[in-house]
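One structure is given here, and the rest of the page talks about it.
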């Protein structure tokens with residue numbers, strides 16, 4: 001039996017969606033973020049030393065990292081799904097699948113996380129004169145570095161989706177599962193107002209029956 005160690009409002013929601021797309025039997029162990037730090041609870045470290053979600057266990061096998069989990073589940077169980085395409089190796093669609101699977105966490109997420117941290121710094125800076133200084137520093141960092149990178153990444157994605165229904169072509173693959181979390185977050189935070197194809201993609205995944213089932217089972221998720 002597969003067990004998903006699921007943290008609320010986290011990347012593990014996309015793994016829950018994948019499990020539903022693959023129509024697999026599984027159970028969920030749910031963990032809640034610390035209300036003060038927003039970090040995962042220490043109990044997750046009993047499952048994996050880094051204490052981060054998602055993690056799955058499948059018999060004696062334990063796997064962390066969304067991309068690795070997606071590859072494992074599709075490789076082992078992908079034939080069971082008529083809805084999710086398993087790409088053929090050494091084809092253009094396969095290499096698109098591989099590219100976007102790695103792009104999501106390797107290129108797209110780091111500057112988005114940096115922006116989130118900087119925004120939190122701006123919000124929590126006290127007293128007022130420290131807040132003024134913090135705002136100026138954050139503004140300069142965003143204008144000089146993270147802002148242009150995020151904008152370039154999102155425009156690149158927008159252009160790709162203008163030519164493709166899904167990330168690896170015209171069929172849903174694991175690449176779409178991997179790309180779902182950062183794009184959901186971007187849309188929810190108002191960062192995709194001028195990106196109609198990104199919004200179309202997010203609307204499409206939210207409309208899938210498997211996604212809706214996962215949403216019910218996963219609990220609190222602010223990006224849907």
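Net length available on complete extension from residue 37 to residue 72 is 9.5 nm, with 0.36 nm assigned per residue and the Cα-Cα distance removed. The slack in the chain from residue 137 to residue 164, taken as 0.36 nm per residue of separation less the alpha-carbon distance, amounts to 5.8 nm. Spatially, the range 1-29 and the range 106-179 are offset by 25 Å when compared through their Cα centroids.
For the chain, the C-alpha radius of gyration divided by 2.2 N^0.38 Å, with N the number of residues, is 1.06. Taking only the Cα atoms of the range 55-179, the ratio Rg/Rh comes out at 1.13, with Rh defined as the Kirkwood radius. Between the helical axis of 147-163 and the longest alpha-carbon principal axis of the chain there is an angle of about 30 degrees. The angle between the Cα long axis of helix 12-21 and the main principal axis of the chain comes to about 20°, on a 0 to 90 degree scale.
Throughout, read-outs are computed from the coordinates displayed, never taken from laboratory work. Please read all numbers here as calculations on a predicted model, not as lab measurements.
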